[in-house]
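Read-outs throughout are calculated quantities, based only on the coordinates presented, and are distinct from any laboratory measurement. Just so it is clear, the model here is predicted, and its values are computed rather than measured. Every residue, glycine among them, receives a Cβ derived from its backbone with ideal geometry; neighbour counts consider all protein chains shown.
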Amino acid sequence: MVLDDSFNLLEDYSRLCLRFLDLRKEGLSRWCCRWERLLAVEERLHGEVSPFVLIGNNDYHYLTYVLLKRIKEPFTLVLFDNHSELCPAPGEELITCGSWLERALALPTLQGAVVVGAAAESFAGVAPVSAEKVVYVPPDGEEKEKWRRKPGGGRLAPFTLSHPQAKTLLLSLIPPGAVYISVDKDVLREEFAVTGWEQGKLRSGQLFELLATLAGYRRVVGADVCGDPQFAPWEGWWPERRRKLRESLRFNEEFFRLVIASAAHRKIS
């Protein structure tokens, strides 16, 4: 989806074989959106967007709510993000890039959510009701202890991503059945991504190992990724900016290769 200038060199993305839906004239705002505006574009998203979506700038991560709403069978959400996305919106008329999961928990088909790699502080102020559906997998022992000192919404997983068996243990939290994967690149360390938000603690290789395990052992019915760098079109030709764009493109290629190949294999088998 084209929402801003995150894809200012669209020709670089042509080999991803994705159909780009231009939403720049739909009036969607960065960070937050009024419900009536979001619902106005919902029908278009339902009819024209594939199950595997490149959102671009993570200021629009709230669009994942609409993508989840399309799923007609019970499913589990696995969210890789440096933020819980469970914070209350500033008003009932709004959905934000930090509150969309709180809203999505009310969807009848969403059975549960596993939030992977988020900073413990992002759970502060989260409503306790989310504990029924949300499991938090901290990136390391430091974040685990921070959560324990001031627990927020959700339940704490009995392991961190630094555990040598983290891949297997993550699978144990996800019941068999449909799975939707959402990735915000702010879950990565600064050397692996540039997003404009606070970066997390995961290494790129570590994230892809977890994704490969999910794609190999669970039925992925949809996925999205956001957190692409945003530069003015003319900045895209600066060598450093160009390098960041290329890195982001390679990440997106690998991500979609994994999830699309997994879906195709399971459809054939």
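May I ask you to list the trypsin sites (Lys or Arg not before Pro) in the range 65-102 that are in a DSSP loop and have at most 14 other Cβ atoms within 10 Å of their Cβ?
Counting only loop positions with at most 14 other Cβ atoms within 10 Å, the trypsin sites (Lys or Arg not before Pro) in the range 65-102 are 72.
List the equivalent ellipsoid semi-axes of the range 110-195 in whole Å, largest first, each obtained as the square root of 5λ for an eigenvalue λ of the Cα gyration tensor. Working shown, then result.
Details: eigenvalues 68, 62, 40 Å².
They are 18, 18, 14 Å, listed largest first.
Taking R0 as 22 Å, what FRET efficiency do you get between residue 246 and residue 213 from their Cβ-Cβ distance, rounded to the nearest 0.05?
Numbers: r = 26 Å, r/R0 = 1.20.
Efficiency at R0 = 22 Å is approximately 0.25.
Counting just the Cα atoms, what span does the range 133-182 cover along each of its three principal axes? Round to the nearest Å and put the largest first.
34, 26, 18
Would you list 142, 43 from fewest to most Cβ contacts within 10 Å?
The fewest-first ordering by Cβ neighbours comes to 43, 142.
Among the lysines, which have Cα under 30 Å from the Cα of residue 201 when same-chain residues fewer than 8 positions away are ignored?
Of all the lysines, those that pass the test against residue 201 - Cα under 30 Å, at least 8 places apart if same chain - are 69, 133, 144, 146, 150, 167, 185, 244.
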